[in-house]
1. Provide, for the stretch 3-140, the number of lysine pairs with alpha carbons under 29 Å apart, each pair being eight or more places apart or on different chains.
2. For GLU26, which sequence-distant residues (separation of 5 or more, or a different chain) have an amide H within less than 5 Å of its own amide H, given hydrogens modelled in the peptide plane?
3. Please identify every one of the trypsin sites (Lys or Arg not before Pro) in the stretch 20-115 that sits in a loop by DSSP and has no more than 10 other beta carbons within 10 Å of its own beta carbon.
4. With a 10 Å cut-off between alpha carbons and a GNM built on the chain, which of ALA94, ALA109, ALA13 moves the most?
5. For a quick check of your reading of the filter: which GluC sites (Glu not before Pro) in the stretch 34-120 sit in a DSSP loop and have no more than 11 other Cβ atoms within 10 Å?
6. Using only the alpha-carbon atoms, how far is helix 3-18 inclined from the longest principal axis of the chain? Give it as 0 to 90 degrees, nearest 10.
7. Seen from all sides and averaged, what is the projected area of the convex hull of the Cα atoms in the stretch 3-140, in nm²?
8. Would you grab the residues whose amide H sits under 5 Å from the one on SER65? Only those 5+ places off in sequence or on another chain, please, with H modelled 1.01 Å from N.
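Values quoted throughout were computed directly from the atomic coordinates according to the rules given, and no laboratory measurement underlies them. The model shown is predicted, which means the values in this text are computed figures rather than measured ones. Cβ atoms come from the backbone with ideal geometry, glycine included; neighbour counts cover every protein chain shown.
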Amino acid sequence: MPAATDKRMESFAWKVKALGVPIREEDNKSRLGRFEEKLPKRLPQSLASFLSRYSFPVFDVGGISLFGWDSNSNAYTEEASAAKGSLSELLLPAGYVQIGRPDTGDFDAVCFDLNEHNQNREYRIVQVDHEDILWRVSDFS
């Protein structure tokens, strides 16, 4: 992973910690590897750097409630398992990896869109309307 990405994530972690989020430095490389094995593509370098080096509870930043990453069982790994009947069962095959929800409490999914290749595996972040994705699936059933 490029040193510049790690430095940006270190700066991000420091800023979020200064806002009161209890972020802990922790070696999560093996947990990250198990998580990425379940995904259709590798995570963006920035998120991979962040998850590999820090553990944290759910927190709000930039209009997004990011999932927590603080144990072997967390929302990221649950989403990657694409349990039957879950939104991720529909999102992952469509190329979307959910990282959180809007901080408004909405049930929509905030995801990385893995469908468009960008430089350094940095994908755009999109909000997927949960009702729209369920409606589209029921149209094809």
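1. The number of close lysine pairs in the stretch 3-140 is 13.
2. TYR54, SER55
3. Values: sites: ARG24, LYS29, ARG31, ARG34, LYS38, LYS41, ARG42, ARG53, LYS84; in loops: LYS38, LYS41, ARG42, LYS84.
Answer in residue order: LYS84.
4. ALA94
5. Values: sites: GLU36, GLU37, GLU78, GLU79, GLU89, GLU116; in loops: GLU116.
Answer by residue number: GLU116.
6. Helix 3-18 and the main axis of the chain meet at about 90 degrees.
7. Values: hull surface 33.6 nm².
Approximately 8.4 nm², given one-decimal rounding.
8. Distant-sequence amide H within range of SER65: ARG101, ASP103.
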